[in-house]
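K.L.:
Let me begin by handing over the structure; questions about it come next.
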Amino acid sequence: MKKKLLSLILFFISTLCFSQGENNQWRFGFGAGLNFNSGSPVAVSSQVGTTEGSSNIADAAGNLLFYTDGITVWNKNNVAMPNGTGLFGGGSSTQSALIVPQPQTPDIYYIFTTAEAQGGNGFCYSIVDISLQGGLGDVTTKNVQLFTPSAEKVCGTKHNNGIDIWVLGHEIGTDNFYAYLLSSAGVSAPVISSVGTVHTVTSGVEIGYMKFSCDGRQLASAMRYLYSFELDSFNTATGVVSAPISFPSTGNIQSYGIEFSPNGNLLYTSDGSQVSQYDITLHDSASMMASKTYISNDVWALQLGPDRKIYVAEYSQSSLSVINDPDVPGTGCNYSGGSIPLVGSSSLGLPNMINNLCNGAPVAIFSAQNHICPGTCTDFQNLSVNASSFLWIFSGANPGVSTDVNPVQICYNSPGQYNVMLIASNPNGDDTLLLPNFITVYPYPSPQGIIQSGDTLYANQGAISYQWYYEGALIPGATDYFYVAPQSGNFSVVASDQNGCEVEAVVFDVIASSLSLVINHQSLVVYPVPVEEKLWIRIPDFINGDNGIAATIKVFDVVGKYVSPLTVYSSDQKKWVADVSFLAEGIYSLQLETDKNIFHLQFIKSAGHK
């Protein structure tokens, strides 16, 4: 059995790790595209016709949802969305667009855009609701400006919580980075970091890619006509950019493309004459320059693919080049020129996207309401960090396994204590959290029953609370252990114990008379309390008729069970004396019934007497 469970866990892990297909559909260049769903890129066509930037998004299974060049948004059928034209990106903006799914908000996607050549439209966002137009999507919000003027740079990475997403831009004329956090609440106010190279107001300085490393902790930028690159640190918890290092391109050649190796140890750049590789493990300019290795003479965009290879664009070519092993230092990275055929042709750019290959080491964390009643369910809140897929194992529950992010309606039928295991994964690994006896299911509450005496219905006493129902509808104020039925029909009572666990009892076809219930009437008194042998009952005048006393008396125990009629051996019109010596010690209810009313009082039989 243990081997079977382990095999099941490993199966889910292997399946989930490779099920994140959001970046599997690329659309770029002049009618070009690639489909990575088979594991290797397959050429497909598109409606894009752009010199530089584009962005695309698929679902988790790798099915295309939509794509854009920052100006027009096309649906999965390659048709422009009804409201999907006129976005404020630029046809010659390096990173004209970036599509970002809104965290924890199904069907909603943000498109962040940058204008070209210091255009006044600046850095904006538009919103797509993919559920509209029969699932083909439509643009619901368009061109909300965040700041201007903007460099042709926009990139994104996961927040340290593994859920929300940082989107980063750069202002023209300053050294200001603008970091916006996109969460389920929308776009936050920016975190502004004034650090690094000033993007002076000079034509062409704003051109060039900006990219995050896989784990989001490093940031690299190309500044085309400054002929340089910059490497920064990024805090995924706070959004702060820091520790800039600037280094030149090759021989004062235009800087343009940039990309990190999947493991974050190497940086690849393109500068108009060649692709170069740098070792950035020391985050030091001198050591980086000393490690520089020439890779190829391809010159434009570099983009990490879902297969962990880096693809290289060359203008107006019918193929892409590829770096097959980008984590390997030096020429061992296995560059292959022109080896990826295309439908259409490439241009300067490749699709801009959030890298979902890695987000740092995953950490499994969860919470839930973990003390529950038998036969009830609980919901789990996933608090894991840096995880993209999840496997839950619930011992003793139904269902026993889930791959949902936040499993709901996990049900436990039997009392006991049960383990919960969460395996949180991303392509870099997994983390397992096992909490033994995390779920406590309380014991079954005491059985409940209903006894009818006349019009009065008695539930078993001893519960913490009661609620009576008539024909399934709650009876307001009916919260005692007994209830006098004012009408015929079906009644039920729900009793709760000290753990808040409920049990229900039902009585059908109650036939009610016209008697009314009187509880603890001031004029009807029993004494002494507690009583040993003789119980005196003071009779109010309104019970006495012209012909003397006309009433019957019954006794019920603490759970509402009928014990006996009460024998009165001495009486007058003001008081009765009854023999209770035969009763065991405990609490009893006395019921006095006339032709118009039923009176209830409680008395205590003292210990040690029969």
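K.L.:
So, in region 211-241, how many residues would count as being among the aromatic types (Phe, Trp, Tyr), open to solvent by less than 30 Å² (accessible area, probe 1.4 Å) and not in a strand (DSSP E or B)?
P.N.:
Final tally of qualifying residues: 0.
K.L.:
Here is a follow-up. Would it be correct to say that Pro445 is assigned to a loop (DSSP other than H, G, I, E, B), surrounded by 19 or more Cβ atoms within 10 Å (Cβ to Cβ) and of a type outside the set (Val, Ile, Thr)?
P.N.:
Numbers: assigned to a loop (DSSP other than H, G, I, E, B): yes; surrounded by 19 or more Cβ atoms within 10 Å (Cβ to Cβ): yes; of a type outside the set (Val, Ile, Thr): yes.
Answer is yes for this residue.
K.L.:
Please go through region 162-197 and give me each residue that is over 20 Å from Val144 (Cβ atoms), at pLDDT below 95 and within 33 Å of the chain's Cα centre (by Cα), ordered by number.
P.N.:
Gly162, Ile163
K.L.:
With within 29 Å of Gln118 (Cβ to Cβ) and touching a Pro at 6+ places or on another chain (Cβ under 6 Å) as the only criterion, which of Ser55, Ser93 stands out?
P.N.:
Answer to the selection: Ser55.
K.L.:
Report, by residue number, each residue of region 404-441 that is in a loop (DSSP other than H, G, I, E, B), open to solvent by 60 Å² or more (accessible area, probe 1.4 Å) and either over 25 Å from Asn161 (Cα atoms) or touching a His at 6+ places or on another chain (Cβ under 8 Å) (or both).
P.N.:
Asn413
K.L.:
Taking the condition of being touching a residue at least 40 places away in the same chain (Cβ under 8 Å) and not in a loop (DSSP other than H, G, I, E, B), how many residues in region 265-299 meet it?
P.N.:
13
K.L.:
Considering every residue within region 39-47, establish whether at least one is under 15 Å from Gly21 (Cα atoms) and crowded, with 18+ Cβ neighbours inside 10 Å.
P.N.:
So far as region 39-47 goes, yes, one or more of its residues are under 15 Å from Gly21 (Cα atoms) and crowded, with 18+ Cβ neighbours inside 10 Å.
K.L.:
Filter region 123-139 down to residues that are farther than 30 Å from His170 by Cβ and of a type in the set (A, V, I, L, M, F, W, C), then give me how many there are.
P.N.:
Pass one, region 123-139, residues farther than 30 Å from His170 by Cβ: 131-136, 138.
Right, trim to of a type in the set (A, V, I, L, M, F, W, C) and you get 132, 136.
Residues meeting the conditions: 2.
K.L.:
Would you point out the residue of region 391-403, among those that are among the hydrophobic types (A, V, I, L, M, F, W, C) and part of a strand (DSSP E or B), that is nearest to Gly21 (Cα to Cα)?
P.N.:
Leu391
K.L.:
I need the full set of residues from region 131-161 which are without any contact (Cβ under 8 Å) to a residue 12 or more places away in the chain and either more than 27 Å from the chain's Cα centre (by Cα) or open to solvent by 50 Å² or more (accessible area, probe 1.4 Å) (or both), in order please.
P.N.:
Matches in region 131-161: Leu132, Gly134.
K.L.:
Quick one: which of Gly29, Gly90, Gly33 is surrounded by 23 or more Cβ atoms within 10 Å (Cβ to Cβ) and modelled with pLDDT under 95?
P.N.:
Selected residue: Gly90, the only one of Gly29, Gly90, Gly33 that is surrounded by 23 or more Cβ atoms within 10 Å (Cβ to Cβ) and modelled with pLDDT under 95.
K.L.:
Which count do you get for residues in region 177-208 that are surrounded by fewer than 20 Cβ atoms within 10 Å (Cβ to Cβ), of a type outside the set (A, V, I, L, M, F, W, C) and not in a loop (DSSP other than H, G, I, E, B)?
P.N.:
3
K.L.:
Could you tell me whether any residue of region 533-556 is within 60 Å of the chain's Cα centre (by Cα), modelled with pLDDT of 75 or more and open to solvent by less than 60 Å² (accessible area, probe 1.4 Å)? Outline the logic, then answer.
P.N.:
Restricting attention to region 533-556, the residues satisfying the condition of being within 60 Å of the chain's Cα centre (by Cα) are 554-556.
Subsequent filtering for residues that are modelled with pLDDT of 75 or more retains 554-556.
Now restrict to residues that are open to solvent by less than 60 Å² (accessible area, probe 1.4 Å): 555-556.
Yes - at least one qualifying residue is present in region 533-556.
K.L.:
Could you pull out the residue among Thr51, Thr72 that is closer than 13 Å to Val128 by Cα and touching a residue at least 12 places away in the same chain (Cβ under 8 Å)?
P.N.:
Thr72
The values are calculated or read from the model by the stated rules, or taken from the named source; none is laboratory data. Remember, it's a predicted structure, so these values are computed and weren't measured experimentally. Counting neighbours? That spans all protein chains shown, and the Cβs are built from the backbone with ideal geometry, glycine included. When the accessible area is computed, the model is the full protein with side chains, heavy atoms only, and any ligands, DNA or RNA have been set aside. Shrake-Rupley method; radii C 1.70, N 1.55, O 1.52, S 1.80 Å.
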